[in-house]
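Have a look at the structure below, then the notes.
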Amino acid sequence: MDNPSPEAERLPQAATPWNYTLDHAFDEMFAGKDQLREHYVPLLEHFTALPQDELQRRKQAADLSFLNQGITFTVYGREEGTEKIFPYDLLPRIITSAEWAKVERGLIQRITALNLFLRDIYNEGRILKAGIVPREIVYSCWHFRRQMSGLQVPRNVYIAVCGTDLIRLENGEFVVLEDNLRVPSGVSYMLTNRRVMKRIFPQLFREYNVKPIEQYTQLLLGTLRSLAPEGRPEPNIVLLSPGVFNSAYFEHAYLARQMGIELVEGRDLVVHDNVCYMRTTSGLRRVDVIYRRVDDDFIDPLCFRSDSILGAAGLFHAYRAGNVTLANAFGTGVADDKALYAYVPEIIRYYLGEEPILNNVETYLCTREKERNHVLANLDKLVVKAVGESGGYGMLIGTQSTPKERDAFAEKIRANPRNYIAQPTISFSRAPCLIGDELEPRHVDLRPYVLYGDKVTIVPGGLTRVALTRGSLVVNSSQGGGSKDTWVLS
Amino acid sequence: MLSRVADSLYWMSRYLERAEHAARLLDVNLNLMLDESSISSDHRWLRMLHALGNPSRLKWSGNAYELARNLTFDTSNKSSIVSCIIAARENARQVREQISTEQWQKLNSLYIEVTSPQVKRAMRTDAAADFGGGPTAFLQAAMEAVHQFQGVTDSTMSHGEGWQFIQAGRYLERATATGLLLEAYSEDVWGNPDCVPEGNEYLDWTGLLRCATAFEAYCKVYTADLTSERILEFLLLDAEFPHSLRFSIDSLKHSLQAIQERSGKTRAEELNRISGRLSASLGFASVDEILTGDLVAYLQSIQRQCQAIHETIYRLYVDYPIQTALAG
């Protein structure tokens, strides 16, 4: 990263100044110095042709549009002013149709295999008997739910909604960084980014022939409907939110409104005789499918955490009785455990007999002695992650850590090796962003949203998250990340 | 409609009505304070606190501006104007997807305005009152914003069940507030039947009408001659004036009937009975009869009936026992 090559040349007509130095990370816009990638040519021409004040005016129009729509997320741990606007970058990230075709095939393969894996470990456990995945990894996972054993879930679909985090390595290859199989969020930003972008750059958008994503909410509704219990032809589908204090509340309200379904909270639900109802002004109304945005632990105080008031007492039993469907199913978190992640390529080979289309990032398991020693010896070079955490919490980024932090982490790893994995520090790809009034490269990832009902569907693209701080590799919204629209070309 | 949603809409509306009412009472009394008065300033401010239901954290200490500041900004007092606006906005936020974007923006910008630190600073100096800034400008702006919110609600939200709950909340709050207002003034205005108001007393009586935005409407009906019976008749029994008790109760009754039709509740007899009885008793009352009897007791009986209506709404639509719901 500290190897700046000469600044790319300014185009003579450039109204927006550049501060664009390439480094060894893959650059989405430039193949090399002065070698603009073909699919970025119209974008760059368009942007550099705009006078600077016009660009700023459009940027302000975009910001205002987000503010007025109340597109905010909540930051935990502060009393007042907890609602913040999710920072948004004006330049779209562009993916060619060939690149996307591979990503799409890879994601379908991966979710299919992970779904088969979940079905297997909660039933026969063939993969455990075959010794492909060690039993202790599965059974020691926080998110393994023995309550799910032997349960037949509708259509055998455990993962109805998944958001997979992809990054691009230095050679441009897309690899999977993380599977989010519990309650992935961010899809509302994908949809609102697109809407704002179309309003602000209509001409550019038309020129590019971008594949649409607006059908997502309809597809999600269709997915949920396909998972309804049998004998419920007109299922009552609801979205279960932890409530207004949750960081993703805006998204819950947005999706419910776009799908035309009720947004419910735990206190709206009542379970009686293994049937789930919601309280309405005209009495109790039966609920058939719950798109739940509440974690496993909080769903049912009788089965999981007894201090939870976010769920409904008895809900799990209604689910087991087959009277209500929950999407995603319980216990899916075992398949996105960061230690299990290392086994996903093997899982794909075992169930599908295919080679993985999308590779993993190289991962060291601290449970294996040899790898643990390697990790402990190279803490300053690696990224260490706690297996159960997400959102950029519980991480050690070796290159940016102090010796004291590394000692503390080494202690933790020795005390509980199952809880940690390590990966090399990857300088993932960078895309141009408007920072202040200059174009600068920033690191980006990609989270496509995969839906699994009667078949697997993926809207083209997903959420591109940006690490807005120069040099930063952390894209999480809770830690200074932003987002940009993602254009998949047709 | 979800019970929780109905509950939030109802309270959003009640809190806004409450904020507007408190702002108006405060504004009228700050204005009256500028004139000489037949009654002591202590008495007037205590009467205003009575009309607001004597909020437990608000005490009269002899300084009108201090009282005004506390009544406006003290968030530890749950019935201060800012507390009410915060509570209304919090309720709206919980049902963000049920109300229109225009409604949300209006309410949210009111919230941002009243909680901004600059506003508090303007209220800190008593001197600001002399320059048209200070409390009056703030109170006027707050009342205006609430009125705009009600207008936006009427023109951008479907007049379905949710809207009816908003109406019910607003009119129940208004009926209670008008009842309390009349009760607070009962001794001063109706204590001495043959009194003809002059000078400062006249001013005080117009103050009562202004507290219910009723002065101009009253003059249209009765001219500017103020008599105590006519004031009572107008504020209590007028069928057309939107702040009169009778109008509020009639509107409440209509909303409750509309809710019943939409939600298809079959066990609403009790609610129909008590709201219909109150509406009819106001419709057929005569002001002479009321004045020969005990006015305060009469007003208190109306308040009790309003409370009973509120509780019945809750028992029927929001907080019903599951057993009865499963049986029905």
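The values are calculated or read from the model by the stated rules, or taken from the named source; none is laboratory data. Please read all numbers here as calculations on a predicted model, not as lab measurements. Positions of Cβ are backbone-derived with ideal geometry, glycine not excepted, and every protein chain shown enters the neighbour counts. Side chains included, ligands, DNA and RNA excluded: accessible areas come from the protein's heavy atoms. Shrake-Rupley method; radii C 1.70, N 1.55, O 1.52, S 1.80 Å.
Results, tabulated for the structure shown:
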quantity: Peptide-level mean, for A:279-290, of C-beta atoms on other protein chains within 10 Å; calculated: 6
quantity: Packing rank of A:176-189, A:39-52, where each peptide gets the mean count of other beta carbons within 10 Å, highest leading; calculated: A:176-189, A:39-52
quantity: Cross-link reach list, lysines versus A:Lys129, counting only Cα pairs under 28 Å and skipping chain neighbours closer than eight places; calculated: A:Lys338, A:Lys370
quantity: Positive minus negative residues near A:Ile132 (Lys, Arg vs Asp, Glu; Cβ under 12 Å); calculated: +2
quantity: Hull shadow area, averaged, chain A [alpha-carbon convex hull, nm²]; calculated: 24.1 nm²
quantity: Degrees between helix A:187-200 axis and first principal axis of chain A (Cα, 0 to 90, nearest 10); calculated: 40 degrees
quantity: Loop-located GluC sites (Glu not before Pro) in region A:323-388, at most 16 other Cβ atoms within 10 Å (DSSP); calculated: A:Glu354, A:Glu362
quantity: Occluded residues from region B:240-283, i.e. those whose accessible area drops by 30 Å² or more once the chain is not alone (1.4 Å probe); calculated: B:Ser263
quantity: Packing rank of A:469-475, A:302-308, where each peptide gets the mean count of other beta carbons within 10 Å, highest leading; calculated: A:469-475, A:302-308
quantity: Partner aspartates and glutamates for A:Lys59 [C-alpha distance under 13 Å; skip if fewer than 8 residues away on the same chain]; calculated: A:Asp89, A:Asp437, A:Glu438
quantity: Candidates B:Ala285, B:Ala22, B:Ala212: whichever shows maximal mean-square fluctuation once chain B is modelled as a Gaussian network with Cα springs under 10 Å; calculated: B:Ala285
quantity: Rg/Rg_ref, region B:1-157, where Rg_ref = 2.2 N^0.38 Å and atoms are Cα; calculated: 1.09
quantity: Chain B shape via C-alpha gyration tensor axes, a/c threshold 1.5; calculated: oblate
quantity: Computed helical MRE - 222 nm, the protein assembly as shown, DSSP H runs ≥ 4 contributing -39500 (n - 2.57), nearest 500; calculated: -14500 deg cm²/dmol
quantity: Protection proxy ranking, peptides B:154-163, A:432-441, A:456-465, average beta carbon neighbours within 10 Å, highest first; calculated: A:456-465, A:432-441, B:154-163
quantity: Cα convex hull of region A:298-426, projected area averaged across orientations, nm²; calculated: 10.8 nm²
quantity: Residue-averaged beta-carbon neighbours from other chains (10 angstrom radius) around B:319-325; calculated: 3
quantity: Overall Cα dimensions of region B:1-55, principal axis frame, Å, largest first; calculated: 53, 18, 11
quantity: Counting DSSP beta bridges with both ends in chain A, the antiparallel % (nearest 5); calculated: 75 percent
quantity: Cα-centred dipole magnitude for the protein assembly as shown, charges only on beta-carbon of K, R (+1) and D, E (-1), debye, nearest 20; calculated: 2760 debye
quantity: Cβ neighbours within 10 Å from other chains - mean over A:261-273; calculated: 3
quantity: Fraction of accessible area attributable to carbon and sulfur, the protein assembly as shown (%, probe 1.4 Å); calculated: 49 percent
quantity: Chain pair A, B: total accessible area buried, heavy atoms, 1.4 Å probe, Å²; calculated: 2300 Å²
quantity: Debye log10 I(q)/I(0) for region B:207-328, one point scatterer per Cα, at q = 0.13, 0.16, 0.20 Å⁻¹; calculated: -0.61, -0.82, -1.10
quantity: 1.4 Å probe accessible area per residue over the protein assembly as shown, in Å²; calculated: 41 Å²
quantity: Kirkwood Rh, Cα atoms: Rg over Rh of the protein assembly as shown; calculated: 1.05
quantity: Long-range HN-HN contacts of A:Arg442 with modeled amide H, under 5 Å; calculated: A:Ala431, A:Cys433
